[in-house]
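Before any comments, here is the structure.
The values are calculated or read from the model by the stated rules, or taken from the named source; none is laboratory data. Note that the structure is predicted; figures quoted are calculated from it, not measured. Every residue, glycine among them, receives a Cβ derived from its backbone with ideal geometry; neighbour counts consider all protein chains shown. The protein model used for the area step is the full one, side chains on, heavy atoms only, and it has no ligands, DNA or RNA in it. Shrake-Rupley method; radii C 1.70, N 1.55, O 1.52, S 1.80 Å.
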Amino acid sequence: MENEIEATGETPDDQVDIPAHLLAGDGQPRSSMLLRLLEGRSAKQVLKIPGEELGLAEHLPYPFMALVGQLEMRTALLLAVVNPNVGGVLLVGPRGTGKTTAARGLSDLLPLIPQSVCMYGCMPEDYESEGPDGVCAECAAKLERGESITRLASVQLIELPLNARLDDVIGGINERVAIQQNRVRLDRGILSHADRNMLYIDEVNLLGDEIVDAILDAAAQGQYTVRRGPMRATYRSRFVLVGSMNPEEGHLRPQIMDRFGLRVTVNGLADPAQRILVYDRIRAYYANPRAFIRTFEEETHLASEDVSIARSLLPSVALAPDAQALGLRLVQELSIHSHRAEFTMFEAARAYAAIDAREEATVDDLRAVAPMALRMRRSEFIEQFFISQQGEDMEIDGLFARLHGEAGDGA
Ligand SMILES: [Zn+2]
């Protein structure tokens, strides 16, 4: 069947939706490798896609490199892949703006890292720092025999479905084994599978409280313990959290909001040419996902190489002293209390420089990432709280002085 999709035309002006902090002083996009990575290669226009295959698109993510516009969202996601220390990304915006598509597409670019082969997530460094008690008995024995407990594997994008039950999230008794074999076996949960991977949660603001608590607990400790009757298991759970939410559908609890390092507001594209490009690409993708993905194979491969290079450069990237001083003043002037604000901002600036193949993160890098790291961190409530607390402290101190004076008078 001859059913070809062909998209031609002018490349839309990719600068239309670029936020000011991602522009250089002259109003042009900053000339950086990151920008070339995101924009230079995505100008591809001509698509000849045979339309006979109706694949199951959800198992073949839409390529990250085929996304159009949304520069800030793509930048934030790449920074989180390059430097897990930025502490994840929250995408905030209305439905249908590509948040989930972008997050799922990231799986193409995730690097190879040493991953534990053990279900408890034991790593050689746990053994080095804590000795045999730092790992499970089986891994301790393996390490003592000189065997490896890791293998090189790609970071995975693990999705936490909205309808997940607590047992799915933290693990629990395998009911099938319990019924069929009359014995108790604990299954590991999604949070354990997410160890050293990325955890993606769509509509994160609609999660139930007990699941949010389990995620916060795991995120804070890097591990969690499941108890079921006499059985008890502790799993490692160190993950980069990526969440998306529609602000129309309820707010996010402050505790989980604070867990997201970078925050991106995602709007629909303003440029009609970009919207047409999105339409053409999505049509081509639905018509034949495999062929569409092949069209972007080379870009994807080059970008994932860039990510790996940036990750290996990252440890030697330093933040310039003037950038550090400016960043701290910014946090102070904005009355942001969470220390995660500057931590995220500085780590994101280092990642930005690493993608640009530089060993020093400058004020310019800081400017590019500051809004993503600092927005949605101020709290009216906390400000009021501190002001009223100050009043109370003065009252206590004044009362103390008065009573002390009276006691002194009596003596
Ligand atoms: Zn182990």
Gaussian network model of the chain, Cα springs within a sub-10 Å range: biggest mean-square fluctuation belongs to which of 21, 339, 301? 339
Computed about the Cα centre, the charge dipole of the stretch 216-266 from +1 Lys/Arg and -1 Asp/Glu charges at the Cβ has a magnitude in debye, to the nearest 20, of 420 debye
Given charges at Cβ of Lys, Arg, Asp, Glu: the stretch 189-305 dipole, positive-most of 289, 220, 260: 220
Extension reserve of the residue 258-residue 297 stretch, reckoned as 0.36 nm per residue once the Cα distance is removed: 10.5 nm
For the chain, the percent of accessible surface on carbon and sulfur atoms (probe 1.4 angstrom, ligands and nucleic acids excluded) is 52 percent
Loop sites only, by DSSP: take the GluC sites (Glu not before Pro) in the chain that have at most 14 other C-beta atoms within 10 Å and name the longest stretch containing none of them. 148-358
Among 107, 92, 149, whose Cα sits farthest toward the positive end of the charge dipole of the stretch 61-174 (+1 at Cβ of Lys/Arg, -1 at Cβ of Asp/Glu, about the Cα centre)? 92
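Under a Cβ-only charge scheme (Lys and Arg +1, Asp and Glu -1), can you give me the dipole magnitude of the stretch 289-331 about the Cα centre, in debye to the nearest 20?
Using only the charged Cβ atoms, the result is roughly 200 debye.
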Obtain the radius of gyration and the Kirkwood radius of the stretch 192-260 from its C-alpha atoms and give Rg over Rh. 1.01
Take the eigenvalues of the Cα gyration tensor for the stretch 70-155, scale each by 5, and report the square roots as semi-axes in whole Å, largest first. 36, 12, 11
Restricting to the chain, compute how many DSSP beta bridges are antiparallel as a %, nearest 5. 50 percent
Putting +1 on Lys and Arg Cβ atoms and -1 on Asp and Glu Cβ atoms, find which of 239, 184, 309 reaches farthest to the positive end of the dipole of the stretch 179-329. 184
Most fluctuating of 195, 108, 217 in the GNM of the chain (C-alpha, under 10 Å) is 217
Starting from 0.36 nm per residue, how many nanometres of slack lie between residue 162 and residue 393 once their C-alpha separation is accounted for? 78.7 nm
Surface accessible to a 1.4 Å probe, per residue, for the residues of the chain, Å²: 51 Å²
Considering the Cα trace of the stretch 133-226, what is its radius of gyration and what is Dmax, both in angstroms? 15.8, 48
For the chain, what does -39500 (n - 2.57) per DSSP helix run (n ≥ 4), summed and divided by total residues, give at 222 nm, in deg cm²/dmol to the nearest 500? -13500 deg cm²/dmol
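About the Cα centre of the stretch 80-178, what is the dipole size in debye to 20, counting +1 per Lys and Arg Cβ and -1 per Asp and Glu Cβ, all else neutral?
The dipole of the stretch 80-178 has a size of about 640 debye.
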One quarter of the convex hull surface, Cα atoms only: what value does that give for the stretch 337-388 in nm²? 3.9 nm²
Along each of its three principal axes, how wide is the spread of alpha-carbon positions in the chain, in whole angstrom units, largest first? 105, 68, 43
Within the under-12-Å Cβ sphere about residue 366, not counting residue 366, Lys/Arg +1 and Asp/Glu -1 give a net charge of -3
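Please report the projected area of the stretch 127-184's Cα convex hull averaged over all directions, in nm². Walk me through the intermediate numbers first.
Working: hull surface 27.9 nm².
Computed as one quarter of the Cα hull surface, the answer is 7.0 nm².
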